[in-house]
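Chemist: First the structure, then my questions, so here it is.
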């Protein structure tokens with residue numbers, strides 16, 4: 001019912017949004033003689049703010065068309081090279097002619113970046129991809145919005161996620177490198193353990209976990225405490241809704257993206273309120289640069305997708321309530337997952353000192369549950385003065401975290 005009400009509210013507001021857009025165009029037009037008056041600027045700002053706050057935010061574009069290698073511009077083309085109804089494996093193909101002009105002749109390590117399936121689109125990792133591109137052959141998991149998947153395509157659960165990771169590593173070929181950002185940590189580690197035990201030729205050469213809840217019992221955050229305090233039945237009753245028509249996935253039970261977004265924003269409600277007040281003020285002052293930065297951030301932040309019921313609920317159960325992976329109790333299709341089987345996959349963990357989603361210690365727990373990886377193939381790093389998103393995006397990521405990850409991958413690719 002909540003999903004249907006949300007759709008009704010959105011469509012009921014269409015006339016007001018249309019009026020706000022018309023007002024924005026009128027009061028922002030250069031030919032309007034009163035556009036630059038105090039009244040005009042305030043009406044323009046109010047109209048723009050209303051139109052943006054109430055509009056639908058679709059899936060963002062990658063906006064990655066080139067990178068720079070040795071001072072030379074190299075064209076980049078995002079290409080889907082493998083897909084299922086639930087994910088597109090995107091390859092950021094670098095132009096070979098441009099690579100030759102840049103004097104680049106070696107084969108760069110293949111890196112699979114496993115994006116979170118936790119509410120936002122994979123484009124949230126645009127900065128992560130941009131950092132990796134000059135030195136690696138980059139692939140990323142672009143997860144599909146569950147409301148776009150017809151019911152006839154069946155379920156998608158935690159075990160399916162593990163199978164998808166395994167299948168995509170096989171697509172990349174022998175011994176790729178895998179980087180799991182936030183939520184994918186447990187299923188990626190499970191996939192690596194299963195592949196190691198099978199001596200699969202496509203098992204990763206290295207795995208890097210960034211801000212991942214490998215063991216959510218450690219340094220519990222507000223998110224962890226919520227999952228612990230609520231009974232499992234509460235999540236089923238209060239977080240799962242049915243996709244309405246006319247979406248392709250009509251009838252599918254999902255954890256809606258707008259519910260997840262509300263949870264995200266309520267954790268920092270005052271900060272978001274202040275950000276929108278500043279946006280209004282910048283529009284009134286005519287500070288286009290600051291207003292553009294605000295729009296760029298929220299165009300990405302407010303773009304969300306739905307998760308399938310079974311994947312969301314199993315993640316709550318496996319990762320945040322029963323901690324099956326660190327306790328050695330996780331099973332995959334009736335088979336016990338054994339991280340101790342990992343002996344020749346290098347392991348790096350990256351955490352943020354101020355992370356309020358995956359607390360310090362949760363990610364580095366991977367080192368404890370993978371006891372048979374040689375010490376020479378391990379690295380544990382905690383980045384000072386960054387929160388959750390700073391672990392994989394932003395200035396400190398590019399200048400302090402990524403160089404360590406690059407060095408770690410290079411050393412273990414050569415090994």
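Chemist: Is the C-alpha gyration tensor of segment 197-262 telling us rounded, prolate or oblate? Criteria: a/c under 1.5 is rounded; beyond that, a/b larger than b/c is prolate, otherwise oblate.
Modeler: It is oblate, given that a/c is not under 1.5 and a/b is not larger than b/c.
Chemist: Moving on. What is the packing order of peptides 26-37, 56-67, taking the mean over residues of other C-beta atoms within 10 Å and listing the highest first? Display every interim value, and only then the final one.
Modeler: On the way: 26-37: 12.6, 56-67: 14.1.
The densest-packed peptide leads the list: 56-67, 26-37.
Chemist: Same structure again: To one decimal place, what orientation-averaged projected area in nm² is obtained for the convex hull of the Cα set of segment 176-313?
Modeler: Spelled out: convex hull of the Cα atoms, projected over all directions, averaged, 12.8 nm².
Chemist: Same structure again: Compute the angle between helix 14-27 and the longest alpha-carbon principal axis of the chain, please, reported from 0 to 90 degrees and rounded to the nearest 10.
Modeler: Taking the Cα atoms of the chain, the angle to 14-27 is about 70 degrees.
Chemist: Further question: Find the relative contact order for segment 267-365 and round it to a whole percent, using C-alpha pairs within less than 8 Å whose residues are 6+ positions apart. The partial results should precede the final answer.
Modeler: Values: 35 pairs, mean separation 10.4, N = 99.
Relative contact order comes out at 11 percent.
Chemist: Give me the log10 of I(q) over I(0) for the chain at q = 0.07 Å⁻¹, as the Debye formula computes it from C-alpha points; what are the numbers?
Modeler: Scattering profile of the chain, log10 relative to I(0): -0.37.
Chemist: While we're on this one: DSSP beta bridges in the chain, what fraction antiparallel, as a percent rounded to 5? Write down the numbers at each step before the final one.
Modeler: Details: 24 of 48 bridges.
Bridges in the chain that DSSP calls antiparallel: roughly 50 percent.
Chemist: Taking the 0 to 90 degree range and rounding to the nearest ten, how far is the long axis of helix 257-267 tilted relative to the main principal axis of the chain, both from C-alpha atoms?
Modeler: Once rounded, the angle reads 90 degrees.
Chemist: Along each principal axis of its Cα atoms, how long is segment 1-40 end to end? Whole angstroms, biggest number first, please.
Modeler: 48, 16, 10
Chemist: Counting only C-alpha contacts under 8 Å and six or more residues apart, can you give the relative contact order of segment 55-175 as a whole percent? If you can, show how the numbers build up before the last one.
Modeler: On the way: 162 pairs, mean separation 31.8, N = 121.
With pairs under 8 Å counted, the relative contact order is 26 percent.
Chemist: 7 Å from Cα along Cα→Cβ at both residue 12 and residue 296: what's the point-to-point distance in nm?
Modeler: About 3.7 nm, to one decimal.
Chemist: Mean-square fluctuation check for the chain, GNM, Cα pairs under 10 Å: which of 100, 217, 396 is largest?
Modeler: Fluctuation is largest for 100.
Chemist: Please work out whether segment 309-415 counts as rounded, prolate or oblate from its C-alpha gyration tensor, where a ≥ b ≥ c are the square roots of the eigenvalues and a/c under 1.5 means rounded, while otherwise a/b larger than b/c means prolate and anything else oblate? Show your work: numbers first, answer last.
Modeler: On the way: a/c = 2.29, a/b = 1.25, b/c = 1.83.
Oblate, because a/c is 1.5 or more while a/b does not exceed b/c.
Chemist: If you don't mind, another one. Using Cα pairs under 8 angstrom and six or more residues apart, how large is the relative contact order of the chain, in percent? Please list the in-between numbers first.
Modeler: Details: 736 pairs, mean separation 76.1, N = 415.
This gives 18 percent for the chain.
Chemist: Cα extents of segment 175-232 along the three principal axes, largest first, in whole Å?
Modeler: Per principal axis, max minus min of the Cα coordinates gives 42, 21, 14 Å.
Chemist: Would you mind telling me which residue in 267, 195, 207 has the biggest mean-square fluctuation in a Gaussian network model of the chain, where springs connect alpha carbons within a distance under 10 angstrom?
Modeler: Evaluated over the chain, the most mobile residue of the options is 267.
Chemist: Residue 376 to residue 398: FRET efficiency via 1/(1 + (r/R0)^6), r the Cβ-Cβ distance, R0 25 Å, to the nearest 0.05?
Modeler: About 0.40, to the nearest 0.05.
Chemist: Grab the eigenvalues of the alpha-carbon gyration tensor for segment 297-363, scale each by 5, take roots, and send me the semi-axes largest first in whole angstrom. Can you show the working numbers first?
Modeler: Details: eigenvalues 139, 80, 32 Å².
After scaling each eigenvalue by five and taking roots: 26, 20, 13 Å.
Chemist: Helix 158-172: angle to the longest alpha-carbon principal axis of the chain, degrees 0 to 90, nearest 10?
Modeler: Helix 158-172 sits roughly 80 degrees off the main axis of the chain.
Chemist: Let's test the formula: R0 of 41 Å, r as the Cβ-Cβ distance of residue 66 and residue 331. What FRET efficiency results, to the nearest 0.05? All intermediate terms of the calculation are to be shown ahead of the outcome.
Modeler: Numbers: r = 45 Å, r/R0 = 1.10.
Efficiency, from the Cβ-Cβ distance: 0.35.
Chemist: How long are the three semi-axes of the equivalent ellipsoid of segment 67-140, in whole Å, if each is the root of 5 times an eigenvalue of the C-alpha gyration tensor, listed from largest down?
Modeler: Working from the Cα gyration tensor, I get semi-axes of 25, 13, 10 Å.
Chemist: Would you calculate the separation in nanometres between label points at residue 233 and residue 171, each defined as 7 Å from the Cα along the Cα-to-beta-carbon direction?
Modeler: 4.1 nm
Chemist: Nearest 5 percent is fine: what portion of the DSSP beta bridges confined to segment 85-160 is antiparallel?
Modeler: The answer is about 55 percent antiparallel.
Chemist: Could you tell me how far the Cα centroid of segment 86-106 sits from the Cα centroid of segment 215-236, in Å?
Modeler: One Cα centre to the other: 41 Å.
Chemist: Would you kindly state how much longer the chain becomes between residue 344 and residue 83 on full extension, computed as 0.36 nm times their sequence separation minus their alpha carbon distance, in nm to one decimal?
Modeler: My answer for the length gained is 91.1 nm.
Chemist: Would you please classify the overall shape of segment 126-227 from the alpha carbon gyration tensor, given that a ≥ b ≥ c denote the square roots of the eigenvalues, rounded means a/c under 1.5, and beyond that prolate means a/b larger than b/c while oblate covers the rest? Intermediate values should be presented prior to the final figure.
Modeler: Numbers: a/c = 1.33, a/b = 1.14, b/c = 1.17.
Rounded, because the longest to shortest axis ratio a/c is under 1.5.
Chemist: Using a Förster radius of 45 Å, what is the FRET efficiency between residue 5 and residue 411 based on their Cβ-Cβ separation? Nearest 0.05, please.
Modeler: 0.25
Chemist: On to the next question. Run the simple label-point estimate for residue 106 and residue 278 please: 7 Å along Cα→C-beta, distance reported in nm.
Modeler: Result: 4.1 nm between the two label points.
Chemist: Return 358, 278, 118, 38 ranked ascending by Cβ neighbour count within 10 Å, so the fewest neighbours appear first.
Modeler: 38, 278, 118, 358
FYI, it's all coordinate maths here, none of it is from the lab. As the structure is a prediction and not an experimental result, all values here were calculated from the model. Note: ideal-geometry Cβ built from the backbone for every residue, glycine included; neighbour counts use all protein chains shown.
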